[in-house]
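Working notes for the structure below.
Coordinate-derived values only; no laboratory data. Being a predicted model, the structure only gives us computed values, none of them experimental. In this analysis, Cβ positions are derived from the backbone assuming ideal geometry, glycine residues included, and neighbour counts consider all displayed protein chains.
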Amino acid sequence: MRNFATALTLIASICAACASRAADAPPVDRPNVLFIIFDDFGWQHAGAYGCDWVKTPNLDRVAKEGVLFKNAFTSNPKCSPCRASILTGRNAWQNEELMCHNGIFPRKFAVYPELIEQAGYTVGLTGKGWGPGDFKSQGFTRNPAGPSFDAAKAANAPASGIGKIDYAANFDAFLKQRPAGKPFSFWMGFHEPHRAYEAGSGVRLGKKLEDIKVPAYLPDTPTVRSDLADYAIEVEYADAHIGRALKSLEEAGILDNTLVIVTSDHGMPFPYVKGQIHEDGFRLPLVMRWGKAIKPGRVVEDFINVRDLAPTYMELAGQKPHEQMSGRSLVGILKSDKSGWVENRDVMLVGKERHDIGRPDDMGYPVRAIRTKDFLYVHNFMPERWPVGNPETDFGNCDPSPSKELIKRIGGHFFELCFGKRPADELYKLRDDPETVHNLAQDLAYRDQLEKLQYQMMTMLKAEKDPRALGNGRIFDGYKYTGPRQKGYDTWLKQQDPAPGEPEAVPPLPKGKGAKRKPGDANPE
């Protein structure tokens, strides 16, 4: 009897151990994820989106063999707020301190790399993850985007402005050390095409100025064309790393079981774009490839926000989205065989608070906007402030560049467009004005449309508990700034009188067509 009982105990132990291992083992159908993000790359500058003067054959391959998203957006067009939304799956104004550029990353917010790591994935990072800002003082022992793999350095960059990280080699090193049988999620964060550039490198490396398309918000001069050519060189350099990463996946035999995503954090580092609530500032390139799991060659019109990525990864990992996440998974769109409007996601909210400082008391420039199929409506809460930073601090929310210096020198229309103060309301009709330079807010023919969008935007922001929409927007100016200050900023600041108290400029909920007031909708004091 004793031997029989011992045998039963042994069998039970073996079964329990097997069950435990089965529970811990990841399902075989969970894909790997390679997330590739450019730094300051405009959506319109890829071959897949119709550009012929910036060559992106590897991004284009991902689009051709997968899905191209025509309407992808960030909720805040600056590096650290956008990347925080990617990691947390939340809109920028839901992320408290993370709404502000160069802030801190509160440990209370769950981030998807840690969540799927707990679900059995191996995670890694090369290049730029979340930043700039402070995460170490908040209890993170590594970048919120994952553990870094940055040992490999590039030997021969084509231009001196390009960094030394060999992204593709670091990804290859990660693949070779990953545990067998476990899916992975890897973040490849290019520093390109972030400034500074080697002046004239574009022409030196074969770009022809006559081939370059200058957008309507920039003056069409040789200086600007040359600056755009230098930018193109850095885009193309990063695109080459995409090709090398795809080759590594092919050689490992896992390309078709890997969801490859290529995007950017916001638009190009030029005046009127980076950090600004204009179409080219917050609209992103986005292409995805996933072998036979998705039908190739599709073009999707649905509005996609970067906060949708984290819940997508969670679903692919066999997990429910974290309770903090407000984005919507894209798995249904990816697995559909349809192009065009798949799930009819057709509205997007955008905003900003404090980016790079350049005003008394480090005040920001609060903006919220709503983007629909046909219109972009923008509300500037504090139109009395300079939108890109004060002139005395050299318009600090615009990166130094030859284009910036030219516009400052020539003044006039382009100066006012890029750096001048803006009205409280802006309205752009996208079909006629895709680069959003002709403000229709004062056109009486569009008054009902403006009021309808204003009401819709404020209603949605209140539902998301945006402090700015609820009358508590000053909280954003009080969050800690961790970044550098512009040269001469502190001296200038000491010369300023204390800033007077400013009213909370919450736009009224109009009584126009389609906008019905409800109890409690009156403006908060």
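When a footprinting reagent is the concern and you count Cβ atoms within 10 Å, what order do 430, 444, 125, 349 take, fewest first?
Working: 430 15, 444 8, 125 26, 349 20.
Going from sparsest to densest Cβ surroundings: 444, 430, 349, 125.
So how many Å³ per residue does the convex hull of the Cα atoms of region 349-494 work out to? Kindly include the intermediate steps, with their values, before the conclusion.
Numbers: hull volume 19.1 nm³, N = 146.
Taking the convex hull of the Cα positions in region 349-494, it is 131 Å³ per residue.
List, in the order given, every pair from 320/352; 128/274; 153/213; 208/352; 70/176 whose Cα-Cα distance in the structure shown is over 27 Å.
320/352; 153/213; 208/352; 70/176
Quick check: pseudo-label points 7 Å beyond the Cα along Cα→Cβ at residue 444 and residue 153, how many nm apart are they?
So the two model labels end up 6.7 nm from each other.
Which Rg and Dmax, in Å, describe the Cα atoms of region 48-112?
15.5, 45
Just add up the charged neighbours of residue 103: K/R +1, D/E -1, any other residue whose Cβ is under 10 Å from the Cβ of residue 103. Don't skip to the end; give the middle numbers.
Working: positive: 354, 480; negative: 96, 97, 134, 353.
Charge balance in the 10 Å sphere: -2.
What ranking do 341, 290 get, fewest neighbouring Cβ atoms within 10 angstrom at the top? Could you put the intermediate results ahead of the total?
Values: 341 14, 290 25.
Ascending number of Cβ neighbours within 10 Å: 341, 290.
Please find the FRET efficiency linking residue 211 to residue 240, where r is the Cβ-Cβ separation and R0 is fixed at 25 Å, and quote it to the nearest 0.05.
Details: r = 20 Å, r/R0 = 0.80.
Plugging the Cβ-Cβ distance into 1/(1 + (r/R0)^6) gives 0.80.
Place a point 7 Å from Cα of residue 315 in the direction of its Cβ. Which residues in region 241-268 have their backbone N less than 17 Å from it?
259-261
If you average 1/r across every pair of different Cα atoms in region 29-345 and take the reciprocal, what Kirkwood value do you get, in Å? Let's see the in-between values first.
Working: mean 1/r = 0.0512 Å⁻¹.
When all Cα pairs of region 29-345 are included, the Kirkwood radius is 19.5 Å.
Beyond 22 Å, how much of the Cα-Cα pair distribution for region 125-232 remains, as a whole percent? Intermediate values should be presented prior to the final figure.
On the way: 2901 of 5778 pairs.
Tail fraction, whole percent: 50.
Take residue 405 and residue 301, extend 7 Å from each Cα along the Cα→Cβ direction, and tell me the distance between the two endpoints in nm.
Placing both labels 7 Å beyond Cα along the Cβ direction yields 4.5 nm.
Under a Cβ-Cβ cut-off of 15 Å, what is the net charge of the residues other than residue 172 that fall near it, where Lys and Arg count +1 and Asp and Glu count -1?
Working: positive: 153, 176, 178, 244, 247; negative: 150, 166, 250, 251.
Within the 15 Å Cβ shell, the charges total +1.
In angstroms, what radius of gyration and Dmax does region 79-180 have, counting Cα atoms only?
Cα-based Rg and Dmax for region 79-180 come out at 15.0, 42 Å.
Going from the alpha-carbon gyration tensor of region 290-409, what semi-axes, largest first and in whole Å, does one get by taking the root of 5 times each eigenvalue? List each step's numbers first, then the result.
On the way: eigenvalues 288, 61, 46 Å².
Square roots of five times the eigenvalues give 38, 18, 15 Å.
So for region 354-440, what are the equivalent ellipsoid semi-axes in whole Å, largest first, each being the square root of 5 times an eigenvalue of the Cα gyration tensor?
On the way: eigenvalues 109, 60, 21 Å².
Working through the eigenvalues yields semi-axes of 23, 17, 10 Å.
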